[in-house]
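Shown next, in C-alpha cells, is the structure this report addresses.
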Amino acid sequence: MSDLLWQKPGVKVDARIQEFLAGEDVLLDREFFLHDIQASRAHAEGLQRIGILDGDELEALLRELEALAGDFTEGRFVLDARYEDGHSAIEQRLVERLGDTGKKIHTGRSRNDQVLVATRLWLKDRLLRLQAVCVETAEVALARAGAEAMLPLPGYTHLQRAVVSSAGMWWAAWAEGFIDNAQRAVDTLAWVDANPLGSAAGYGVNLPLDREHTTRALGFGRMQVAATYAQLSRGKFELGAIDALGMALLDLRRLAWDLSLFTSGEYGFVTLPAEYTTGSSIMPNKRNPDVIELMRATYASLAAARAEIEQLLSLPSGYHRDLQFSKGALVHGFGRGMGALELLPDLLRNLDWNRERIDAALEPSMYATDLAVELAAKGMPFRDAYKQAADPAQWAEGDPVKSLEARSSTGSGGALGLDILRRRLDLLGIGE
Ligand code: ARG
C-alpha cells in the first residue's frame, strides 16, 4: 500500500492490521470514485473562492481531476489495494502530478465529509434510476391494462378461485403500484438531496468555506446545515434510499410470485419469453423460470443490507469507523435490487397469456358473487341474496366479459380508471 495520508513518523504500519481496516473498502470506493472526484472539483472551486487557492492552482487541480476521471473510466487508472481508499488515491494522484498544489486539496475537508458527499451523490443517481425504472414498468403495465382490459383472468383470494377478474385489473394493479414506487423514489430523492460537504470531520473548520457554492455546483437542492448532523445522517439517508427501493422490490416479489404460479403446469396461464427461462442439467423436459425466482429473492438481499446498516447506526454522535461497513451493504443491496428491476419492463412487455388455460379455470362458482349482488340490486336484502347465491344449484356457466363489464365502479373490471393513472404517471415521467 502507498503511504497513508495520516502516517506518523516512528509508528510502524502493520500490514495485517491495515488489511483489516481497509478490507474491501478500496474496491467499494470504485462505486463512488467519480462522485468523489466531482465533489473534489466543487471543493477546489470553493477553496479558490475564499482565497486558499489562486486561479492557476484551481485550474491545475480541475484539469488533473478531470484527467483522473477519464483515466478511471477508461481503465488507465485502477483503484486497487495500492491505496487505502478512494480518497487517498485522489489526493496522491494530485500530489504526484501537481506537488504542493495537490497537497492543498484537503484544506478544510475531512474524509468524513468526503465519503458523505460522494455517497450522497451516488444515492441521488440511484434514486433517479429507480424512478426511471418504476416509471417504465408502470408505462408497460398501463399500456397492457388498456390493451387487455377485457381479457378474463381468474381472481383469487387465499389462492382459491374467487371471482372473475381480468388481465386489465392485474396490469392496472402493477401500474398503480409502480406509480407509487416512482413517487416514493422522487420523494426520497428530495429528502436526501442535501449537501454535507463543508461539515469537515463533523465539527466544521476555521475557514469561511463557501458551502452555497458547493451546494449549487454539485446540484444539491439544499445544504445540510448542521455539521454534526451531516455525520448523523450517514447511514440514515442510505436507509431512506433502501426503503424506497424496498417498496418496488416488495411489489416485484409479489409480481414474481404471481408469474411463478401462472407459469407452472398447474395454472399454465402465462408463457415466459424463452430467454427468461433456463434448462435443467438432468431433466431434459424442464424450462425453469429462474429469472423470476431471482427477482423474487432480491428483496431478501435488500432486507439484509437494511438490517446491517441499521445495526451499524447504534452509535453515539460523531464519525466512527463502523460506518465504513454501510457502503458494502448499500452497494450490494442496490446492485441486486436495481439489477432485477431493470429486467422487469422487458419481461412484462413480452409475456404471453394462454387463453385456453385461463378459460378452463373460470368456473361457474366464480359468478356467485355477481348473482348475490344482482339480486341485492333488485331489492332483495343482501344477506338473503347471499344465501340464495350460495346454493350450487344456482350456479351456471357465465360470460366473463359481461361479468367484467358490469363491474362499473372506478378501478374495477369495467371501469379501470386508466385515465386517472395516466395523469399521475405523466407527472412522474422524466425528461418529458
Ligand atoms: N473509508 C472510510 C469510511 O468509509 C472513509 C472515512 C475515513 N475517516 C476516518 N476518520 N478514518 O468511513
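What follows is calculated from the coordinates using simple rules that are stated; it is not laboratory data. Keep in mind that what you see is a predicted model, and the values were worked out from it rather than measured. Here the Cβ is made from the backbone with ideal geometry for all residues, glycine too, and neighbour counts use every protein chain on show.
Of note:
- Each peptide in 85-97, 198-210, 173-185 gets a packing score, the mean of other Cβ atoms within 10 Å over its residues, and the list from highest to lowest is 173-185, 85-97, 198-210.
- Counting only whole DSSP H helices of the chain, the ones at least 20 Å long by C-alpha along their axis and with mean Kyte-Doolittle hydropathy no lower than -1.0 are 25-49, 55-73, 111-147, 167-192, 236-262, 290-312, 325-341.
- Rg ratio (alpha-carbon, reference 2.2 N^0.38 Å) - the stretch 162-212: 2.28
- Cα-Cα pairs of the stretch 313-432 separated by more than 19 Å (percent): 74 percent
- Treating each Cα of the stretch 285-350 as one equal point scatterer and applying the Debye formula with no solvent, the log10 of I(q)/I(0) at q = 0.13, 0.17, 0.20 Å⁻¹ comes out as -0.49, -0.68, -0.81.
- In the calculated pair-distance distribution of the stretch 1-139, the portion above 20 angstrom amounts to 52 percent of the Cα-Cα pairs.
- Report note on the peptides 278-289, 26-37, 56-67, 417-428: ranked by the mean count of other C-beta atoms within 10 Å, highest first, their order is 26-37, 56-67, 417-428, 278-289.
- Reported to the nearest whole Å, the Cα centre-to-centre distance from the stretch 95-146 to the stretch 383-409 is 54.
- Counting neighbouring Cβ atoms within 10 Å and putting the fewest first, the residues Phe262, Phe77 line up as Phe77, Phe262.
- Proximal charge balance of Glu310 [Cβ under 11 Å; K/R count +1, D/E count -1]: -1
- In the stretch 320-432, Cα pairs under 8 Å separated by at least six residues give a relative contact order of 14 percent.
- √(5λ) per eigenvalue of the Cα gyration tensor, the chain, largest first, Å: 56, 23, 19
- Taking packing as the residue-averaged number of other Cβ atoms within 10 angstrom, the listed peptides 325-335, 3-13 run from highest to lowest as 325-335, 3-13.
- Evaluated over the stretch 233-277, the Cα radius of gyration and Dmax, each in Å: 16.0, 49
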